[in-house]
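What follows is calculated from the coordinates using simple rules that are stated; it is not laboratory data. For clarity, every value in this text was computed on a predicted model and none was experimentally measured. Note that each Cβ is placed from the backbone with ideal geometry, even for glycine, and that neighbours are counted across all protein chains shown.
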Amino acid sequence: MPFVNGRFYINPAYGRSVEQARASETTSNPHSPQPQDPNAHWVTLDGRHVLIRQTQPGRAPSHEVSPRNRGRRQAIADAASQHAGDTSMPYTPGRPTCNLFVQKAVAESGASKPVVIKADGTKGAPSAAEWANSPVPGWRFLEPGETPQPGDVAARKENFADATGHSGIVVSVDKNGAVTAMTAHAKNIGVDMTFQPGPHSPNVFRRYTGE
């Protein structure tokens, strides 16, 4: 039947999707901003933005399975692993270095250096809390059901006296899903097993999407 809700559609399946989205569309302002979901597909109908398709939760963007992207993410993990035992970035009171190590490893892989705009308008390396909670250009949050992979950034927000949290680079994930990360510790860079995923875990994972 080409008619859906009294409207003619050459493709009835498409029409049903549009009409279902139209029915669920509650905003009355035709100029209201669209949700910034890169996996969503919107059309404009009768002056209103309507969602007609959205990828299922846990499904990665298609370009992430490309050899180039996978190779870059592995390069990030390799760059981080090469710093095991490095004592050049020790944590000192008032100067956490875990986030600086993350930025350093990413840049050494050939990927764009992660930079965000701070509250005072300056640019700098994302803090651990920013990795865990804020937009970082070229990186997306993993969704529930997605498994961390080497090259992902792991982070969590914490209320330390002189730091916003903790962050590192995932360097391996075993067959049981246990995550091994490389992070900057008090005296050197080394393995960190505290970034385990789970429904009640404070840890957040980000994946490189720059290419």
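By the beta-carbon count within 10 Å of each Cβ, the least crowded to most crowded order of 63, 166, fewest first, is 63, 166.
I want to make sure I understand the PRE zone here: with the label point 7 angstrom from the Cα of residue 161 toward its beta carbon, which residues in region 83-97 have backbone N atoms less than 11 Å away? Only 93-94 fall inside the zone, counting backbone N under 11 Å.
For region 98-173, chymotrypsin sites (Phe, Trp or Tyr not before Pro) are listed when DSSP marks them as loop and at most 12 other Cβ atoms sit within 10 Å of their Cβ; the list is 160.
Ratio of Rg to Rh for region 62-208: 0.94 [Cα atoms; Kirkwood radius as inverse mean 1/r over pairs]. If the label point is 7 Å along Cα→Cβ of residue 211, which residues in region 120-142 have backbone nitrogen under 15 Å from it? In region 120-142, the label zone of residue 211 (backbone N under 15 Å from the point 7 Å along Cα→Cβ) covers 138-139.
Compute the FRET efficiency between residue 186 and residue 108 as 1/(1 + (r/R0)^6), taking r as their Cβ-Cβ distance and R0 = 22 Å, and round to the nearest 0.05.
With R0 = 22 Å, the Cβ-Cβ based efficiency is 0.50.
Of the trypsin sites (Lys or Arg not before Pro) found in region 77-142, those in coil by DSSP whose Cβ has at most 16 other Cβ atoms within 10 Å are 118.
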